[in-house]
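Taking it in order: structure first as structure tokens, then the write-up.
The values are calculated or read from the model by the stated rules, or taken from the named source; none is laboratory data. Owing to the predicted nature of the structure, the values given are computational and were not obtained by experimental measurement. Neighbour counts run over all protein chains shown; Cβ positions are idealised from the backbone, glycine included. With ligands, DNA and RNA removed, areas are computed over all heavy atoms of the protein, side chains included. Shrake-Rupley method; radii C 1.70, N 1.55, O 1.52, S 1.80 Å.
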Amino acid sequence: MKTRLLVAAVVATAGVVWVAPAPAMAAPACGATVTVNTTVTADLVNCPGDGLVIGAHNITLNLNGRTVDGVGLGVGIRNNGFDNVTIRNGAVAEFDYGVALNPGTLGNLVTALTVRHNEVAGVQLSNADSNNRVTGNVVEWQSQRGIALLNDSTSNTVGGNTVRNNADGIYIEASHSNSVTTNGLTTNSDKSIQLVNARSNTLRQNTVTSGGDTAIELTGSTLNVVDNNTVNGTGDAGIALTSSPSNQVINNRVSGSSDAGIFLDLSNSNTVRSNNLNVTGPNAGGIEVISANGNTIQSNTVNAQLGHGIELQNSASNRLLSNTATSNNGSGIYVTGSAGVAANLVEANTASSNNGDGINISNAGNTVRRNIARNNGGWGIYATTGTTDGGGNRASGNSQVAQCFGVVCTP
């Protein structure tokens, strides 16, 4: 690499001293450490290890539309703890990691990059401190993860990226208070967005289409917000929580999932509110809750699912409030469980034109009140012996002449 050293001119005029800025480094070679503002002027091809290494705070690495290319080893652009660095405007391909922000990095911006064909991750933050922003990039064709936040990466932003054709799309593990917003995720073969042992993260206004597995999955994660995302056409559930308590799943639109639109398994004290299932096509099932207790399922629209609209299995002390379940292939609302797993409240729901019962309560110990059931293919409300009739239930036009069993219904 050629190095040019220029001495800055110092001019004193009328008592004011002006210092000419040092020129930016240009055309670094593979493996170079970048310590000043740098504009790359030629492609770096077949780098045998790392492509470029950040070596100073407060600098900009402008790839200038050029490509940093490797041979499947090392990191395309590595930052081992320098702050307020901008990495922008080019392509990074064929390393283990495309861009790596490692422990201690603070206030970095990774933007306007195309990151493709890396092995482990396209962009990875590992124990990255805070206020790092990964925005406006195309991240595609990674063998494993598109964008990953790991090892207590905190208060970072992943926004406005196109993440496609990776295995996992966006993966967050053991990290908290990060924001994942307005990303478009398409045809990732595994999970599109996945949180593992993560807390207090926000997933908002992301669009997931044609994923091979679950679109948005939380495992062992708590206090996260999944808000106003659009999911369309996934190979498993739309949004799934497993062993994940005290999260909010609100205002999402979920269509065309091969399993439930929203699925809770062993996940307690969550809020599932104001979601719309079947905006553009049915899910295999609507909202499915298995062995999950103390959740609030409220004000959701669950229409024309291929199975039940809302289903509780072996789950206790949940509240089903003010949901609309219409034209589902099974029952609108279906509650079942073994003896002693009950105390669910089914209140103020509307279940109409379902092929099965409007509301079917198959295990004792639950409370049913102030629901409306119209024009269903079975009972309006079927409640097994031992159900508490809270009153105010209404039913008409259902196939069973008596309209309701186990509770009193008025027209």
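Criterion first (at pLDDT 95 or above, within 17 Å of E311 (Cβ to Cβ) and within 33 Å of the chain's Cα centre (by Cα)) does T384 satisfy it?
The answer is no for T384.
Among S331, S322, S327, which is of a type outside the set (D, E, K, R), touching an Asp or Glu at 6+ places or on another chain (Cβ under 8 Å) and surrounded by fewer than 21 Cβ atoms within 10 Å (Cβ to Cβ)?
On inspection, the qualifying residue turns out to be S322.
Could you list, in sequence order, all residues of region 203-233 that are within 15 Å of S179 (Cβ to Cβ) and surrounded by fewer than 24 Cβ atoms within 10 Å (Cβ to Cβ)?
Correct list: R204, Q205, L223, V225, D227, N228.
Return the residue satisfying two criteria in turn: it lies in region 372-392 and is touching a Lys or Arg at 6+ places or on another chain (Cβ under 9 Å) and part of a loop (DSSP other than H, G, I, E, B), and of such residues it is least open to solvent (accessible area, probe 1.4 Å).
The residue in question is G380.
Can you confirm whether S221 is free of Cβ contacts under 8 Å to residues at least 40 places away in the same chain and more than 14 Å from the chain's Cα centre (by Cα)?
Taking the combined requirement at face value, the residue does not satisfy it.
Quick one: which residue in I287, I250, I239, I262 is open to solvent by less than 10 Å² (accessible area, probe 1.4 Å) and within 19 Å of S179 (Cα to Cα)? Let's see the steps before the verdict.
Values: I287 fails: within 19 Å of S179 (Cα to Cα); I250 fails: open to solvent by less than 10 Å² (accessible area, probe 1.4 Å); I262 fails: within 19 Å of S179 (Cα to Cα).
The unique qualifying residue is I239.
Examine region 275-284 for a residue that is over 23 Å from the mean Cα position of the chain (by Cα), outside any loop (DSSP other than H, G, I, E, B) and either among the polar types (S, T, N, Q) or at positive phi (or both), and state whether such a residue exists.
No, region 275-284 contains no residue that is over 23 Å from the mean Cα position of the chain (by Cα), outside any loop (DSSP other than H, G, I, E, B) and either among the polar types (S, T, N, Q) or at positive phi (or both).
For region 395-411, give me the residue count where each residue is open to solvent by 30 Å² or more (accessible area, probe 1.4 Å) and closer than 11 Å to R370 by Cα.
Residues flagged as open to solvent by 30 Å² or more (accessible area, probe 1.4 Å) and closer than 11 Å to R370 by Cα within region 395-411 amount to 3.
Within region 42-57, can you find the residues that are assigned to a loop (DSSP other than H, G, I, E, B) and either at pLDDT below 95 or under 31 Å from the mean Cα position of the chain (by Cα) (or both)?
D50, G51
Among the residues of region 221-274, which ones are of a type in the set (S, T, Y) and outside any strand (DSSP E or B)?
S221, S243, S244, S246, S258, S267, S269, S274
Got a number for residues in region 159-188 being outside any loop (DSSP other than H, G, I, E, B) and farther than 19 Å from N118 by Cα?
Residues that pass the stated criteria total 7.
On the given criteria, is G309 open to solvent by 10 Å² or more (accessible area, probe 1.4 Å), of a type outside the set (V, I, T) and either at pLDDT below 95 or in contact with a Ser or Thr (Cβ under 9 Å, 6 or more places away or on another chain) (or both)? Before the answer, list the steps.
Details: open to solvent by 10 Å² or more (accessible area, probe 1.4 Å): no; of a type outside the set (V, I, T): yes; either at pLDDT below 95 or in contact with a Ser or Thr (Cβ under 9 Å, 6 or more places away or on another chain) (or both): yes.
In short, no.
A quick yes/no check of all residues on (1) among the β-branched types (V, I, T); (2) out of contact with any strand residue (DSSP E or B) (no Cβ under 8 Å at 6 or more places or on another chain); (3) within 24 Å of A167 (Cα to Cα); (4) open to solvent by 10 Å² or more (accessible area, probe 1.4 Å):
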{"position": "V36", "(1), (2), (3), (4)": "yes, no, no, yes"}
{"position": "L52", "(1), (2), (3), (4)": "no, no, no, no"}
{"position": "L61", "(1), (2), (3), (4)": "no, no, no, no"}
{"position": "V68", "(1), (2), (3), (4)": "yes, no, yes, no"}
{"position": "R78", "(1), (2), (3), (4)": "no, no, yes, yes"}
{"position": "L101", "(1), (2), (3), (4)": "no, no, yes, no"}
{"position": "L106", "(1), (2), (3), (4)": "no, no, no, yes"}
{"position": "L125", "(1), (2), (3), (4)": "no, no, yes, no"}
{"position": "A128", "(1), (2), (3), (4)": "no, no, yes, no"}
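Every residue in region 333-371 that is of a type in the set (A, V, I, L, M, F, W, C), within 15 Å of V407 (Cα to Cα), more than 31 Å from the chain's Cα centre (by Cα) and not in a strand (DSSP E or B), please.
Scanning region 333-371 gives a single hit, A364.
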